[in-house]
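Only one structure is covered here, and it is reproduced in the block below.
The values are calculated or read from the model by the stated rules, or taken from the named source; none is laboratory data. Bear in mind the structure is a predicted one, so any value in this text is a computation, not a measurement. Every residue, glycine among them, receives a Cβ derived from its backbone with ideal geometry; neighbour counts consider all protein chains shown. Side chains included, ligands, DNA and RNA excluded: accessible areas come from the protein's heavy atoms. Shrake-Rupley method; radii C 1.70, N 1.55, O 1.52, S 1.80 Å.
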Amino acid sequence: MLQYFKKRAGEKGFTLIELLVVIAIIGILATIVLVSLNTARSKARDVRRVSDMRQVALGLEMYYDDNASTGYPGAAGTNQWTAMETALEPTYISSVPSDPGTGSYEYWVATGNQSYGLKATLENTNNA
């Protein structure tokens, strides 16, 4: 029975050890690729967050230009994201963006409604 598994002269094929080595190398490469993809996805979500904040800021500036006497939408002291959504959609922004991950965006108005702050939490803290 032992002779059945031996390579005979002139036969082509791979040994079990060769197959295991190749499978191990493929597994290591697949792990590296998956780790790289997760990093790329995280960076992509951060880029989208920054882009969303710029889009909202542009919509707020257009709103302010049209309503300079009343200032920016919302009341001072609390997160006014829903008030801002109501004021901007659909005239200034077709749809106000939402966070692509599990976080949320924030919009704060200063007393007097003449300035505001936008907040998005980035996954990569080294991102500018």
Rounded FRET efficiency, nearest 0.05, which uses the C-beta distance separating SER51 from ILE23 and R0 of 30 Å: 0.10
Degrees separating the helix 16-66 axis from the principal Cα axis of the chain, which is the longest one: 10
Modelled label reach - ASP65, point 7 Å along Cα→Cβ, the stretch 78-96 residues with backbone N closer than 15 Å: 91-93
Solvent-accessible ranking of VAL96, VAL35, largest area first, probe 1.4 Å: VAL35, VAL96
Stretch gain in nm, segment ALA83-LEU34, where the contour uses 0.36 nm per residue and the Cα spacing is subtracted: 13.6 nm
Summed side-chain charge close to MET62 - residues other than MET62 whose Cβ falls under 14 Å, Lys, Arg +1, Asp, Glu -1: -3
